[in-house]
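A quick write-up on the structure given underneath.
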Amino acid sequence: MCGIVGYVGPRSALGVVVEGLRRLEYRGYDSAGVAIISDEGAMQTAKKAGRIENLDAELAELTISGSTGMGHTRWATHGAPNDRNAHPHCDVTGRIAVVHNGIIENYAELQAELEQSGVEFSSDTDSETVAHLVAAELAKTAANGGADDLATAVRTICRRLQGAFTLVLLDRDHPDSVVAARRNSPLVLGIGDGEMFLGSDVAAFIEFTKQAVELGQDQLVEITREGYAITDFYGAPVEGKRFTIDWDLSAAEKGGYDYFMLKEIQEQPTAVADTLRSHFVDGKIVLDEQRLDAGVLREVDKVYVVACGTAYHAGLIAKYAIEHWTRIPVEIEFASEFRYRDPVLNRQTLVVAISQSGETADTLEAVRHAKDQRATVLAICNTNGAQIPRESDAVLYTHAGPEIGVAATKTFTAQVSAGLIVGLALAQARGTKYGDEIAAEFRALESMPEHIAKTLEGIEDVRTLAREIADSKAILFLGRHVGYPVAMEGALKLKELAYMHAEGFPAGELKHGPIALVESGLPVVVVMPSPMGRPLLHQKMLSNIAEISARGARTIVIATEGDELAAKHAAHLIEVPAVPTLMSPLVSTIPLQVLAAEIAQARGYDVDKPRNLAKSVTVE
Ligand code: AGP
């Protein structure tokens, strides 16, 4: 959601900023804009609704140059996604320009105050208030004989703002620096040689530097060519946390694929292998990145998993595994619902918060609520140093690398793997499994990248099928046990990419309503359990297939290799390797990802940038 780039250095700021915006496109946006201060000290801005190509066309008509600048991709919250509301926004004199990610919750009150003092707004956004407030603050300080300093003025204004914000500001009168501040929204700083960068995430500047600094909560940074200075909102200096980015530009490029998502689907064996790496040492599960004491895990008597979207589906699988291996009751909750229903939490509660981005506002608020209630929070996250792991007691990083496609694929299988590691770590700490049982489970887990690779080899057939059913009105997905979250994930992928009505149901629920949707020719995807692993469930699923086939549905059955009964009853069979039941989502989800991507392509949609969606949902 909203991408931000800032730059000061010897290069053309426009080039750096527009390239950075392209790399942040995956976050989701509906307009884009830039502000560059020219060498002569003029504030030059350009902004356009729609894709960055529209902004490019606008820029082609202008002559913009300068070596200090910023850019923004906007995902509309306050005000329609049009040219007028696109960022940057300037004060009435055009001295100050601001871009903003987040929501300023007290903007109405601030706007009323500004309007009373005669300010006329030129957009419908909450963000514009900041430009006027900062300009007014600078004017007030000047009138009192104070220093004409943008950073000081921004700190004063930040203390008045409520809500979530990453702000980047330029001051026409001080063209050699850029000021940025953040609360509850992301911002990282990139350190170059004689140049500095700002970005919503490191993808914004990955091609220029791998040295980065995390900006903490309620902190402000001023960058110049010479360096950077971080303070809190009261001006006290703060030491930023430096880190080295552990992936390179190629990870953020398509590498010969038409879409990032297609590349990311293929990267799943590596994503899972990298996530598992170094978590089993000398016969024991090791959670070395986390700061949790084994004693804390031993005391846990209740687990909550909180997450959104795809991460929620990964969490459901974690629930099944944790309960099965540890006998600890596990509840799973949409993060957006969690804190509003007053869940019962205490010191013995472990809250597992799953988030690829580590920025999702709903999940972040759930983490905060859990911590307020003294629960222990363990984050599963794919983004080093993001806000959710920073605020959690412990973190287990998934090592899937950057995921650019808005639809989560490799981070889902990495999250499922991480959830299984947490289950085994709890079983080990609580002694509910013997060491050799844990070792056997982990070895099975370690063989999953191979099984995923094998599944990927067989997806050509899924592509053909996808083209055949691309015109369907809707598709239903059914599953039982861990096949149910897989069914939900298959339906979510199809909704977000192909804009097609899709629902994932527990197969047993079919007769309680959804079967009314079944009509002749309706494709129904059935995720079969293995006949060896779950014979009873396998039998029941065969009955479900019979029920829907009898009503004319076209059954597409994902079944274990050699499952002759499934082969006999399916209109279309997709085989996946035989693996342990709790690990089966790691293979059975793959064909559903491919199915959704192929149907979307057949329908002519952009697979990487589905409409209305943002990769990181940083507002509640
Ligand atoms: C997945 O395809 C979606 N784009 C979405 O559901 C996503 O999983 C959800 O918004 C949670 O994001 P997070 O993992 O970054 O918290």
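Every number in this text was worked out from the coordinates using simple rules, so none of it is lab data. Note that the structure is predicted; figures quoted are calculated from it, not measured. Note: ideal-geometry Cβ built from the backbone for every residue, glycine included; neighbour counts use all protein chains shown.
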Check the straight Cα-Cα distances from residue 284 and name the lysines below 27 Å, setting aside those fewer than 8 residues away within the same chain.
302, 319, 410, 433
Mind listing the long-range amide H neighbours of residue 280? Cut-off is under 5 Å, sequence gap 5 or more, other chains count too, H placed in the peptide plane at 1.01 Å from N.
286
Backbone HN-Hα couplings from phi across the range 443-449 [Karplus 6.51/-1.76/1.60, Hz, Gly and Pro as x]:
4, 4, 4, 5, 8, 5, x
Per-residue HN-Hα couplings for the range 395-409, Karplus 6.51 cos²θ - 1.76 cosθ + 1.60 at θ = phi - 60°, whole Hz, x for Gly and Pro?
9, 10, 7, 7, 10, 8, x, x, 10, 8, x, 4, 6, 6, 10
Hz values of 3J(HN,Hα) by residue in the range 305-318 - Karplus curve (6.51, -1.76, 1.60), Gly and Pro given as x
10, 10, 5, 10, x, 4, 4, 5, 5, 4, x, 4, 5, 4
Going by C-beta contacts inside 10 Å, put 177, 549 in order with the fewest on the left.
549, 177
Nitroxide proxy distance, nm - points 7 Å out along Cα→Cβ at residue 42 and residue 278:
5.3 nm
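Hey, what did the range 3-245 get for relative contact order, percent, Cα under 8 Å, at least 6 apart?
20 percent
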Let me make sure I get this right: for the range 454-610, a, b and c are the square roots of the gyration tensor eigenvalues over alpha carbons, sorted descending. Under 1.5 in a/c it's rounded, otherwise prolate if a/b > b/c, else oblate. Which is it?
oblate
Which whole-number percent gives the relative contact order of the range 253-446, counting Cα pairs below 8 Å spaced six or more residues apart?
30 percent
Share of Cα-Cα pairs in the range 555-620 lying beyond 14 Å, as whole percent
68 percent
Looking at the square roots a ≥ b ≥ c of the eigenvalues of the Cα gyration tensor of the range 3-245, which shape do they give, rounded for a/c under 1.5, prolate if a/b is larger than b/c, or oblate?
rounded
For 258, 282, 436, ascending order of other Cβ atoms within 10 Å (fewest first) is 282, 436, 258
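Can you pull out the trypsin sites (Lys or Arg not before Pro) in the range 328-430 whose DSSP state is coil and whose Cβ has at most 11 other Cβ atoms within 10 Å?
Those satisfying the criteria are 374.
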Using only DSSP helix segments of four residues or longer, with each worth -39500 (n - 2.57), what per-residue ellipticity at 222 nm results for the chain after dividing by its residue count and rounding to 500?
-11000 deg cm²/dmol
Would you order 434, 26, 499 from fewest to most other beta-carbon atoms within 10 Å of each residue's own beta-carbon?
434, 499, 26
Among the trypsin sites (Lys or Arg not before Pro) within the range 499-551, which fall in a DSSP loop and have no more than 12 other Cβ atoms within 10 Å of their own Cβ?
none
Indicate the gyration tensor shape class of the range 253-446 (rounded, prolate or oblate), computed on the Cα atoms with a ≥ b ≥ c the square roots of the eigenvalues: a/c under 1.5 is rounded; otherwise a/b larger than b/c is prolate and the rest oblate.
oblate
Could you give the C-alpha radius of gyration of the chain expressed as a fraction of 2.2 N^0.38 Å, taking N as the number of residues it contains?
1.01
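Return the FRET efficiency for the residue pair residue 53, residue 341: r is the Cβ-Cβ distance, R0 is 60 Å, and the value is rounded to the nearest 0.05.
About 0.85, to the nearest 0.05.
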Among 275, 455, 228 - extreme Cα towards positive end, dipole of the chain, charges at beta-carbon:
455
So, over other residues within a Cβ distance under 10 Å of residue 386, counting Lys, Arg +1 and Asp, Glu -1, the net charge is -3
